Amino acid sequence: MKRHLCLLLLAGAMLGQNPPQGVDAAADGWASEVAYEHAKKVLREVCALAAKDAPAKPASVHNAALWDWPTLTPQAASTGEALFGTDPVEAGIAQAAAALVAPLRTYSGLRTEVKVHAVQPHAAGGFMVTVRMQAAAFAGDAGFQRNATWEAEFSASADSALRLSELRSTPVTWVSMSAPLLRDTTPEIFGRDPLFSKCVARGPEFWFGRLQSLGELSFFGHNGLAIGDLNGDGRDDLYLCMPNGTPNRLYLQQADGSAQECAAAWGADWLDDTKAALFADFDNDGDQDLTLAMGPTILVLRQHEGKLIPSNGLRSASNASFYSLSAADYDNDGDLDLFAVRYVKTRYGESVPQPLHDAHNGPTNHLLRNDGDKGWTDITNASGLGVANDRFSLAAAWLDYDNDGDSDLCVANDFGLKNLYRNDAGQFTDVANAAGCADSGAGMGVAVGDPDNDGDLDLYFSNMFSAAGRRIAFQPQFRADKTEQTGRELLQRFAFGNSLLLNDGAGHFADRSTASGTFFGRWAWGALFADLDNDGAEDLYVPNGFVTAPLEDDL
């Protein structure tokens, strides 16, 4: 399970001691995880009773006086496109459960989620848990979701059993939508490609063991995509990177919205492990070129007469693979330059970050200056980007955060701090700490936008939210054999979640992750600001997930 994986990670590598012997929390000495299992079971039972409008007190609740069952009234289905609100919650166990679940109990597919992300043992033998609660249901196309944070106290009864004795809830926040904002149209768009269902739609769990293991194992799914109007017909096309040994796919959008696969016809059906792709006009001839990150090589393909012709193969001096690509005219000379980031020196799982919370043993990233017909020049060190250029980088974004007319660079790094390189006439200085956006954590991606509509650019880092990590990292035995407090605090930050950093207009960022609620992005890999509902305000889309067992309640 995801919890067990995170438990192994935090209690083993992060703690600097031997990992747990198995998944038995009691045998491994983690009383907090025993408390978590008990609390989760009880709170699920309370939610199930609320969904059934069952007034009888469950055995897991301390005494009858604590189970004052309210009158339950379902809410009416929303008729608006999207409605949001907050409902107050009265004190009491039954009241908190009813406020969260009861309004949805007559709808279909009612589902509740219990995520315990803090456990505080009491000296008397009981404990308190802090829990993120969610309930969701449907009425036709209408969707409903209700969220709250609970603090649940468990105390010993006369028979020494730990029972729920108090439950405090924040106000319930809710959203009702008459129809989904997004609809999955994958089959109708890609149905013309006979290999789509057999090949493209397969996940890493299918390919693992079926493909050659040259390069990175396909199990990890580190393959990207690019969107752009390749053939100049005014419609966006899609280039899809595939695992090692399977051909990359190029889908040209047709007038009816469907996609025609034509990678071979364009000379773009490469079989090499391709982690990233980028459409951009690098030669200023008015059409889109294609750049691919294939192992330690960056391949630049120019467009010519309906073909993508390789023009430059830029190979790194080391064998570390490039993971993502981004382009900007950093020197304002009229053409696009290229920045490429790298993650591990050999293979994922072999290159171990040291120290885990502030690793500096990763491969170098590279800035390639576009010199037109003369080719490309690696100016990483000459431009100042060689500073702090040894982290485990996964993504980068160009932005003019200080509004001085040139492109600055932000780099999201796993296992440590982020970089923000200020551009001053083509020379870069890492100012992440001074600007307030170093943001320690497991950096997976970075999004740039203006969610507060104040005219300057803000940052959102997708990191990792782990309920198990948050519970474990704050227990007394976490790194108990270590004397360095800073490292312990940084590791606690690793499971916090995503970060929303708002620009104050003077080049400094303020962390609004908790206040905005955007820290909870689950095990996030990237993010995108976009106005999904056309109301003039930028929304935030966060893809997430990780390899896990088939648990029905695991989102």
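The values are calculated or read from the model by the stated rules, or taken from the named source; none is laboratory data. Computed from a predicted structure; not experimentally measured. Reconstructed Cβ throughout: ideal geometry from the backbone, glycine too, with neighbour counts over all protein chains shown. The protein model used for the area step is the full one, side chains on, heavy atoms only, and it has no ligands, DNA or RNA in it. Shrake-Rupley method; radii C 1.70, N 1.55, O 1.52, S 1.80 Å.
Observations on the model:
- Failed item in (1) in contact with a strand residue (DSSP E or B) (Cβ under 9 Å, 6 or more places away or on another chain); (2) without any contact (Cβ under 8 Å) to a residue 40 or more places away in the chain; (3) open to solvent by 20 Å² or more (accessible area, probe 1.4 Å), with A317 passing the rest: (1)
Matching residues to (1) open to solvent by 40 Å² or more (accessible area, probe 1.4 Å); (2) in contact with a helix residue (DSSP H, G or I) (Cβ under 6 Å, 6 or more places away or on another chain); (3) not aromatic (F, W, Y):
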site	(1), (2), (3)
A226	no, no, yes
N231	yes, no, yes
A259	no, yes, yes
D272	yes, no, yes
F279	no, no, no
G286	yes, no, yes
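- Residue that is open to solvent by less than 10 Å² (accessible area, probe 1.4 Å), in contact with a strand residue (DSSP E or B) (Cβ under 8 Å, 6 or more places away or on another chain) and closer than 15 Å to F519 by Cβ, where the choices are Y460, Y421: Y460
- Some residue of the range 327-335 being in a strand (DSSP E or B), within 19 Å of V446 (Cα to Cα), touching a Phe, Trp or Tyr at 6+ places or on another chain (Cβ under 7 Å) and modelled with pLDDT of 90 or more: yes
- Of all residues in the range 229-278, those satisfying the criterion of being assigned to a loop (DSSP other than H, G, I, E, B) and under 13 Å from L195 (Cβ atoms) are M242, T246, P247, N248, C262, D269.
- Yes/no for R163 being farther than 25 Å from T518 by Cβ and either open to solvent by 60 Å² or more (accessible area, probe 1.4 Å) or at pLDDT 90 or above (or both): no
- Just one residue in the set G386, G405, G362 is open to solvent by less than 20 Å² (accessible area, probe 1.4 Å), modelled with pLDDT under 95, among the small types (G, A, S) and out of contact with any helix residue (DSSP H, G or I) (no Cβ under 9 Å at 6 or more places or on another chain); that residue is G362.
- Sole exception among (1) in a strand (DSSP E or B); (2) over 14 Å from R391 (Cβ atoms); (3) open to solvent by less than 10 Å² (accessible area, probe 1.4 Å) for T429, by number: (3)
- Set D281, D236, D272: member being of a type in the set (D, E) and without any contact (Cβ under 8 Å) to a residue 24 or more places away in the chain: D236
- The range 120-140: number of residues that are more than 27 Å from the chain's Cα centre (by Cα) and on the phi < 0 side of the Ramachandran plot: 9
- Any pair with Cβ under 8 angstrom, 6 or more apart, that starts in the range 427-442 at a residue that is at negative phi and ends at one that is in a helix (DSSP H, G or I): A438/A432; S440/L490; S440/R493; S440/F494; A442/F494
- Residue in the range 320-342 that is least open to solvent (accessible area, probe 1.4 Å), counting only those that are acidic (D, E) and under 12 Å from A280 (Cα atoms): D337
- Subset of the range 432-467 that is part of a loop (DSSP other than H, G, I, E, B) and of a type in the set (S, T, Y) - its residue that is nearest to the chain's Cα centre (by Cα): S466
- Selected residue (criterion: farthest from R183 (Cα to Cα)) from residues of the range 119-162 that are hydrophobic (A, V, I, L, M, F, W, C) and without any contact (Cβ under 8 Å) to a residue 24 or more places away in the chain: A158
- Unique match (being of a type in the set (A, V, I, L, M, F, W, C) and touching a helix residue (DSSP H, G or I) at 6+ places or on another chain (Cβ under 9 Å)) among A156, A142, A179, A135: A135
- Those residues of the range 296-319 which are within 18 Å of A277 (Cβ to Cβ) and either of a type in the set (S, T, N, Q) or in a loop (DSSP other than H, G, I, E, B) (or both), in sequence order: P296, T297, Q303, S311, N312, S316
- Selection within the range 356-402 - touching a residue at least 60 places away in the same chain (Cβ under 8 Å), under 28 Å from the mean Cα position of the chain (by Cα) and in a loop (DSSP other than H, G, I, E, B): L356, H357, D358, Y401, D402
- Candidate set: the range 179-202, residues that are open to solvent by 70 Å² or more (accessible area, probe 1.4 Å) and free of Cβ contacts under 8 Å to residues at least 60 places away in the same chain; chosen: the one nearest to T112 (Cα to Cα): P180
- Scoring D408 on the criteria (1) over 19 Å from A530 (Cα atoms); (2) in contact with a Leu (Cβ under 9 Å, 6 or more places away or on another chain); (3) in contact (Cβ under 8 Å) with a residue 40 or more places away in the chain leaves a single failure, condition (3).
- Tally of residues being closer than 16 Å to T274 by Cα and open to solvent by 50 Å² or more (accessible area, probe 1.4 Å) across the range 343-359: 3
- Answer from S157, S176 - the residue that is open to solvent by less than 80 Å² (accessible area, probe 1.4 Å) and modelled with pLDDT under 85: S157
- Given (1) surrounded by fewer than 16 Cβ atoms within 10 Å (Cβ to Cβ); (2) among the small types (G, A, S); (3) over 30 Å from the mean Cα position of the chain (by Cα), number of the condition G85 does not satisfy: (3)
- Segments classed as strands (runs of 3 or more DSSP E), wholly inside the range 486-538, with at least 3 members that are open to solvent by less than 30 Å² (accessible area, probe 1.4 Å) and either in contact with a strand residue (DSSP E or B) (Cβ under 9 Å, 6 or more places away or on another chain) or on the phi < 0 side of the Ramachandran plot (or both): 499-503
- Residue in the range 328-342 that is under 20 Å from F279 (Cβ atoms), of a type in the set (D, E, K, R) and out of contact with any Leu (no Cβ under 9 Å at 6 or more places or on another chain) present: yes
- Which listed residue is touching a helix residue (DSSP H, G or I) at 6+ places or on another chain (Cβ under 7 Å), aliphatic (A, V, I, L, M) and at pLDDT 85 or above, from V46, V42: V46
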